[in-house]
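Below is one structure, written out as structure tokens; comments come after it.
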Amino acid sequence: MLKAFVVVMSLWIHIGVAWAAQSGRVVVEDAPVYEFPQKDSKVIQRLKKDTVHAVSNLKTEGFYKIRLPGGDTGWVSGNDLLAGGVTLPSDTGPSPEARVNGRRQMSDTLIEGERFNGANYRFQLGFGLSNLAYGGFSDYFPGSSSLNFGKVYSFEIQRKLSYSFSLALRGELRGSKTGELDLGGGTTQTYEHSAIPFQLGLLYFPIHTQRWRVGLGGYGGITAVSFTEVVQTTTSQTNSVKFSSMDILGTGVVQVAYGLGRAFGLFGEFGYQYQLTADLPATTALGNIPAFKIDYSGFLFKGGIELRF
């Protein structure tokens, strides 16, 4: 209850106070106006020294959001202007009522511009397909490179660290099965695998607009549950062996998100994952074999919804 109250109060303060318009005077010649609040983004305009403009009341990543004379918005470094006061300069001409309405309109514009990028937390629910290949470190488990489009259900919580970086916690439920692998001599082998992995990751978003977000991410973690069944079939019998283990895994992804509103969006993801089992014990189910490992690697395709708060 207390946490919810703090979140509500923070949002009220952010919307009602932090984005109120104020005046800002440019203190350097040819001050650059950036497309986003980062100095490696595109410069969309330059401002003359001593000109006064409407800017946001608080800074984002060291930048003020500014409204340009033509109505467009951009970002100016806090080092390039002197901000002060919550009213626009009186020599701009409009009446007090018009200035109040202008400040309200400016506030709405600034809030709208932050609707997709400004959320501190993002929650994603996704569904997709996996294309895993299986490799067994034993002569009895030669592995399978056959395509196997398993199902992937996932959730992810992202915490915004800065304008371009986010920390992520990801959980998945995966299940897949290979086609038959011919071992020769009339013997075939299949793998069936399921796992519940949890991973921590870091995401970098070099493309970040009011609607679109495109980023790269790297994840690492372990499986809470990892279960594999190997089945060998001959003309006369079928043998199977089951293994469970806690595995390590890593994932690299490209993620694209599109904002449909202030608190809702869609995302898509393409990734590559590698998973390696711990040492599995010897078994007699498929012959007298030594301890071994199994690795899983392949592509993941996923899409879903994103909620921001």
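Values in this text are rule-based calculations from the coordinates and carry no lab data. Everything numeric in this text was worked out from a predicted model, so none of it was measured. Note that we place each Cβ from the backbone using ideal geometry, even for glycine, and neighbour counts take in every protein chain shown.
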Original post:
So how much slack lies between Met246 and Gln38, counting 0.36 nm per residue of separation and subtracting their Cα-Cα distance, in nm?
Top reply: 70.7 nm
Subject >> 5 angstrom amide H check on Val225, placed H, neighbours 5+ away >> reply: Ile196
Subject >> Sequence of Lys177, Lys302 once ranked by neighbouring C-beta atoms within 10 Å, starting from the fewest >> reply: Lys177, Lys302
Subject >> segment 259-272 - phi-based ³J(HN,Hα) in whole Hz, Karplus 6.51/-1.76/1.60, Gly and Pro as x >> reply: x, 9, x, 5, 10, 8, x, 10, 9, x, 8, 10, x, 10
Original post:
For Phe149, Phe292, what's the fewest-to-most ordering of other Cβ within 10 Å of each Cβ?
Top reply: Phe149, Phe292
Subject >> Phe309-Phe227 FRET efficiency (beta carbon distance; Förster radius 30 Å; 0.05 resolution) >> reply: 0.30
Subject >> Spin-label model distance (nm) - Leu82 vs Leu200, 7 Å beyond Cα toward Cβ >> reply: 4.6
Subject >> Sequence-distant residues sharing a close amide H with Leu68 (under 5 Å, placed H) >> reply: Thr73, Gly74
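Which of Val52, Val253 comes first, and how do the rest follow, when ranked by fewest Cβ neighbours within 10 Å? Let's see the in-between values first.
Numbers: Val52 16, Val253 20.
The fewest-first ordering by Cβ neighbours comes to Val52, Val253.
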Original post:
If amide H atoms are built 1.01 Å from N in the plane of the peptide, which residues on other chains or at least 5 residues away come under 5 Å of the amide H of Leu183?
Top reply: Thr188, Gln189
**OP:** Would you mind computing, in nm to one decimal, how far apart the modelled labels at Asn120 and Thr238 are, each placed 7 Å from Cα along Cα→Cβ?
**Re:** 5.5
Original post:
Using just the C-alpha positions of segment 121-308 as equal point scatterers, what log10 of I(q)/I(0) does the Debye formula give at each q in 0.09, 0.13, 0.14, 0.18 1/Å?
Top reply: -0.38, -0.69, -0.77, -1.09
